[in-house]
1. Suppose we flag GluC sites (Glu not before Pro) only when DSSP calls them loop and at most 13 other Cβ atoms lie within 10 Å. Which is the longest uninterrupted stretch of chain A?
2. Please give every one of the lysines within straight-line cross-link reach of A:K268, meaning a C-alpha to C-alpha distance under 21 Å, and leave out same-chain neighbours fewer than 8 residues apart.
3. If you count the DSSP beta bridges with both ends in chain B, what percent of them are antiparallel, to the nearest 5?
4. Once phi is turned into ³J(HN,Hα) by the Karplus curve 6.51 cos²θ - 1.76 cosθ + 1.60 with θ = phi - 60°, what whole-Hz value does each residue of the range A:177-182 show in order, with x for glycine and proline?
5. Given labels modelled 7 Å from the Cα in the Cβ direction, how far is it in nm from A:T160 to B:T3?
6. Given a 10 angstrom Cα cut-off, can you work out which residue in A:T164, A:T125, A:T305 is the most mobile in a GNM of chain A?
7. Which distance in Å, rounded to a whole number, links the C-alpha centroids of the range B:1-72 and the range A:166-188?
8. Grab the beta carbon distance between A:A331 and B:Y92, set R0 = 22 Å, and tell me the FRET efficiency rounded to 0.05.
Amino acid sequence: MADNIPVGSTTEGAIQVGGDHPADARVSAPASYDVADFPVPHGREEEWRFTPLERLRGLHDGSAVADGGIRTEVYTPEGVTQEQVGRDDPRVGRAGKPVDRVAAQAYSSFEKATVVSIPKDTVLTEPVRISVHGQGGTAFTHQVIEIGAFAEAVVVIDHTGDATLGGNVEYLVGDGAKLTVVSVQDWDDKAAHAGQHTALVGRDATFKSVIVTFGGDLVRLHPRINYAAPGGEAELYGLYFTDNGQHQEHRLFVDHDTPHCRSNVVYKGALQGEDAHAVWIGDVLIRAEAEGTDTYELNRNLVLTDGARVDSVPNLEIETGEIVGAGHASATGRFEDEQLFYLMARGIPADEARRLVVRGFFAELVQQIGLPELQERLIEKIDAELEASV
Amino acid sequence: MATLEIRDLHVSVEADNATKEILKGVDLTVKQGETHAIMGPNGSGKSTLAYSLAGHPKYTVTSGTVTLDGEDVLEMSVDERARAGVFLAMQYPVEVPGVSVSNFLRTSATAIRGEAPKLRTWVKEVKEAMERLRIDPAFAERNVNEGFSGGEKKRHEILQLELLKPKMAILDETDSGLDVDALRTVSEGVNRVRETGEVGTLLITHYTRILRYIKPDHVHVFAKGRIAESGGAELADKLEAEGYEAYTKGA
Ligand SMILES: Nc1ncnc2c1ncn2[C@@H]1O[C@H](COP(=O)(O)OP(=O)(O)OP(=O)(O)O)[C@@H](O)[C@H]1O
Ligand SMILES: [Mg+2]
């Protein structure tokens, strides 16, 4: 596919055996809850080099000030509780510390954290729904989703409207629990949203994260996986549709520091329009003690028009040979005129041909996500994005 | 009766910032039910003719006309041409990742026929057509042309020909890259379509081999961007014996 990579796009990526944690080298300061521990980024730091800082609307330099212009509503099915708690609550900050300035800013600035608890052994038949709706304001939020041992739940977090949001989410997944979380970024065109989603996966627990990003001027999310005990499994899925002028950045980090855990990462994105920019970073670290690890990560991008840019950087670092499997793949390809010609030469009109190819591109991922109500919504949304184009 | 009329067709491409004329005045009339073989050396412009008729955007028609039953083909978009009845089996069929053969076939049949084929009869129709062309049923779920061998791609083109039933079939080197068995299978497919009497066939080939299976009514020698000589099936025998040298001499 080498001759098919769109102009300006990059695919880097490395598998390193041994060595000195490049994944750690990506951060310019040690993880901390305190924003003061992070220098204001200037843009050349490893973790900020792809991000247009000026479009963070001040989330990175302290100039963004919360004004209450974002409304959060939580719908909890029977048996599920929600509380507003302070920073001193033991559950807050437990999954992991903020690792960059924006995440630390959000952590240092939120007033109350929302803790949603699904008690142990509870199997939910309908999702917990969290709706975050921006009314042009700025907010720093912190949510903790806590699921007890052997409970099963789906949580859907919807982001809509216009907002400047520094929002962190933590997932505390109890032993043997199954938690699926869908975070949909369906913002208006002007919104800026950055945050860290940190999961602590318990013994034999399954955590499934689905990140869906369609909207916003700038979205920069940082899903991180930590394992509390052996047997944990993380499935990280992402789907993005980046158009005209949008910057959508997904930076993942899976920290295999515990034996016999699994992770599987699949992110796919389509891009169209002038200055659409998607960034995908996939850092997977298998530490020496993580024997029996099984991990795979994949990022694929489909560039529909000229002028869009993708930076895709899978990075796998392995410190032990005693693993089940480890691999990564990244590819960025153009929607080709030859494909369009071939389909049209069979009578299929141009817009339908385009839809066919883009739906096909996402089809397998949508199936893997495996939530029927979401599947339909995703396909509708993808079609709508295509319709809005060109 | 459907008729494709090509008159004084001139076509150029943009290459390295220069315009290069490839077709230099092609005249040809193909009627429904007829089979015309176009034979010529590499680089003589055979594929250019095929692509130009299908409307590939790389090729610019600088003068001349193409009509199908009096309708101006050159005015039509690529998909309109296909719906008007022009079918191009490509020399190098394109891979379309993520789109299954069955979805592709159904979508194109729906576009060409103007309505979605009834599911039950459609499934049967496809299954039978695939069997006749000895295409493994598992191909229905594979992505279009992705990882297909050269021969599999050509069978897939002929499968489309059989299902889409065009008025004019342009087959660009459908025989190349096929072993003898595959050549026979593919030729049988083309002949089934021809036997309906409802299609005009433009069989583009480099070799006479396929003409043992598909008997042309007319043979045209293509050289230097135009038809250099036309005749009956006997012209192919002459080419077989003498090659193209007589037509390529002189700049
Ligand atoms: N897109 C293009 N850009 C530049 N030159 C082209 C292009 N398409 C065709 N040509 C040139 O036009 C000439 C005719 O090419 P064409 O593919 O039509 O020949 P052909 O008769 O089909 O050959 P073959 O038997 O090898 O398939 C060749 O010199 C070729 O290099
Ligand atoms: Mg050719």
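Just so it is clear, none of the values below were taken in a lab; they were calculated from the coordinates. Nothing here was measured: the structure is a model prediction, and the numbers come from that model. Neighbour counts run over all protein chains shown; Cβ positions are idealised from the backbone, glycine included.
1. With GluC sites (Glu not before Pro) excluded where exposed in loops, chain A gives A:112-273 as its longest stretch.
2. Cα-Cα hits under 21 Å: A:K208, A:K381.
3. Counting only bridges with both partners in chain B, antiparallel ones make up about 60 percent.
4. 3J(HN,Hα) across the range A:177-182, in whole Hz: 7, 10, 10, 10, 10, 10.
5. 6.2 nm
6. A:T125
7. 58 Å
8. Calculated value: 0.50.
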